[in-house]
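Just below is one structure, and these are the notes that go with it.
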Amino acid sequence: MTFNVRALLVICAILAPVPAGADASPSPSPSNAVDANFVAAEKALKAKDWKTVISRLRSVKPDADVYNMLGYANRNLGNYDEAFKNYKLALQADPNHKGAHEYVGEAYLLTNNLAMAEQHLASLERICGKNCEEYKDLAHEVAEYKKRK
């Protein structure tokens with residue numbers, strides 16, 4: 001009887017115990033796209049009903065997109081502290097979230113912090129280059145801000 005060493009190694013790897021505390025196959029969280037509150041929040045976002053966006057998202061499992069939407073809604077209500085808090089959470093969840101970088105940059109412009117807006121513009125350039133939509137939008141807003149100042 002001959003053993004195929006490669007096959008034996010594969011079998012051993014499959015049968016090896018998983019160390020305590022390790023997650024061998026993390027279960028994906030349910031997609032927010034099918035969450036009724038998330039869907040209602042997206043609809044409210046399109047209607048610019050910022051308070052409904054916020055109230056609906058309170059019942060949704062938070063992720064980078066949820067935090068970004070909360071930041072955007074709060075920013076549009078003039079709740080900048082809450083907006084910045086949520087953008088920070090979005091970027092902690094996903095440091096390369098293009099939308100969060102764009103929107104927090106715009107929020108910094110609204111609060112007259114050009115330096116921070118430019119930092120997020122630089123992050124977008126690193127993440128997706130100068131041709132991605134988020135970079136172009138924030139670059140336009142930065143240019144407009146500079147014209148006004």
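Which of the residues belonging to region 54-65 are part of a helix (DSSP H, G or I) and either farther than 20 Å from GLU134 by Cβ or among the basic types (Lys, Arg) (or both)?
The answer is ILE54, SER55, ARG56, LEU57.
With the requirement that a residue be of a type in the set (A, V, I, L, M, F, W, C) and buried (at least 19 other Cβ atoms within 10 Å of the Cβ), what does region 90-106 give you?
ALA90, LEU91, ALA100, VAL104
State which residue pairs qualify: first residue closer than 16 Å to VAL104 by Cα and inside region 127-149, second residue surrounded by fewer than 11 Cβ atoms within 10 Å (Cβ to Cβ) and among the small types (Gly, Ala, Ser) in any location, beta carbons under 7 Å apart, and separation of 6 or more residues or different chains.
TYR135/GLY129
With of a type in the set (S, T, N, Q) and in contact with a Phe, Trp or Tyr (Cβ under 6 Å, 6 or more places away or on another chain) as the only criterion, which of ASN96, ASN74, ASN79, ASN86 stands out?
ASN86
Okay, residues lined up against (1) at pLDDT below 50; (2) in contact with a helix residue (DSSP H, G or I) (Cβ under 7 Å, 6 or more places away or on another chain); (3) of a type in the set (A, V, I, L, M, F, W, C); (4) loosely packed, with under 13 Cβ neighbours inside 10 Å:
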position: LEU15; (1), (2), (3), (4): yes, no, yes, yes
position: ASN32; (1), (2), (3), (4): no, yes, no, no
position: SER59; (1), (2), (3), (4): no, yes, no, yes
position: ASP63; (1), (2), (3), (4): no, yes, no, no
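Quick check on my filter: what residues within region 88-102 are farther than 14 Å from ILE127 by Cβ and either of a type in the set (Ser, Thr, Tyr) or in contact with an Asp or Glu (Cβ under 8 Å, 6 or more places away or on another chain) (or both)?
Hit for region 88-102 is ALA93, nothing else.
Which one of ASN96, ASN68, ASN86 is modelled with pLDDT of 95 or more and outside any helix (DSSP H, G or I)?
Within the list ASN96, ASN68, ASN86, the selection yields ASN96.
Among ASN112, ASN131, which is the only one that is within 23 Å of LYS85 (Cβ to Cβ) and exposed (fewer than 13 other Cβ atoms within 10 Å of the Cβ)?
So the residue among ASN112, ASN131 that is within 23 Å of LYS85 (Cβ to Cβ) and exposed (fewer than 13 other Cβ atoms within 10 Å of the Cβ) is ASN112.
The values are calculated or read from the model by the stated rules, or taken from the named source; none is laboratory data. Keep in mind that this is a model prediction, so the values were computed, not measured. Cβ coordinates were reconstructed from backbone atoms using ideal geometry, including for glycine residues, and neighbour counts include every protein chain displayed.
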